[in-house]
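Novice: One structure, pasted below without further comment.
Just so you know, all these numbers are worked out from the coordinates, no wet-lab data involved. Small disclaimer: the values here were computed from a predicted structure and weren't measured. Please note: Cβ atoms are built from the backbone with ideal geometry, for glycine as well, and neighbour counts cover all protein chains shown.
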Amino acid sequence: MESKPCINSLTVKTTHVLPPDTNNHGTLFGGKLMAHIDDVAAIAAVRHARLPVVTASMDSIDFLEPIKEGDSICVEAFVTWTHNTSMEVFIKTVSENLLTGDRNVCTTAFLTFVAIDDEGQPTPIPHVYPETDHEKQLNASAPGRAEQRKQRRKQSKEMATTFSTSYPWNQS
């Protein structure tokens, strides 16, 4: 498989924040923004792999600035790092007050996707390579984030076993 540059997966979506998208504070629902992030990141992952993908993890999303009704949001994503069947996607969300032109970075996040075959099994993907300084920085720091995800996933599995599917959970 031939390696591909990060830029090949670049995906950008701009959306107007309308009243049904907002909460009682007049700001964008966090879950609505998370849906935009997952959508754009998945498109970037498919563009890289040219295969169906599933979301494997979403790192923490810190809401750095409120996104107000009437603003636009621009969600940008690209693949920063690949493993055998998985890929890390970096996402940045920028809000813009359309009347003043003021822009703010509202969120950054990393999502991990796994490419799947026709049977829904993980399948190999091309490697990605960085070209710009920012891409190189993200690519170089990706193995550390991957290790943190591995540890977090292990803890999540332990938590799932502890709490199981019954309620109330065993209190002893």
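Novice: At q = 0.25 Å⁻¹, what is the base-10 log of I(q)/I(0) for region 115-164 according to the Debye formula with one equal point scatterer per Cα and no solvent? Please give it to two decimals.
Specialist: So the normalised log intensities work out to -0.93.
Novice: Quick one: if the Förster radius is 35 Å, what FRET efficiency do ARG145 and HIS16 give, using the C-beta to C-beta distance and rounding to 0.05?
Specialist: Working from the Cβ atoms, E equals 0.65.
Novice: Next question, about the same structure. Taking Cα atoms of region 1-69, Rg/Rh with Kirkwood Rh, to two decimals?
Specialist: 1.06
Novice: Which Cα, out of THR161, THR80, ASN23, lies furthest along the positive dipole direction of region 4-163 (beta carbon charges, K/R +1, D/E -1)?
Specialist: Comparing the listed Cα positions along the dipole, THR161 ranks first.
Novice: One quarter of the convex hull surface, Cα atoms only: what value does that give for region 51-130 in nm²?
Specialist: Projected area, direction-averaged: 6.6 nm².
Novice: Okay, next question. With each run of n ≥ 4 DSSP H residues scored as -39500 (n - 2.57), what mean residue ellipticity at 222 nm is computed for the chain after dividing by its residue count and rounding to the nearest 500 deg cm²/dmol?
Specialist: -10500 deg cm²/dmol
Novice: Right, something else. Give me the percent of Cα-Cα pairs in the chain that sit more than 24 Å apart, rounded to a whole number.
Specialist: 45 percent
Novice: Here is a follow-up. What ranking do THR161, THR55, THR27 get, fewest neighbouring Cβ atoms within 10 angstrom at the top?
Specialist: Going from least to most buried by this count: THR161, THR55, THR27.
Novice: Let's see if you can work this out: charge +1 on each Lys and Arg Cβ, -1 on each Asp and Glu Cβ, no other charges. What is the dipole magnitude of the chain about its Cα centre, in debye to the nearest 20?
Specialist: 420 debye
Novice: At a threshold of 8 angstrom on Cα-Cα distance, excluding pairs fewer than six apart, so keeping six or more, what relative contact order does the chain reach in percent?
Specialist: Across the chain, relative contact order equals 25 percent.
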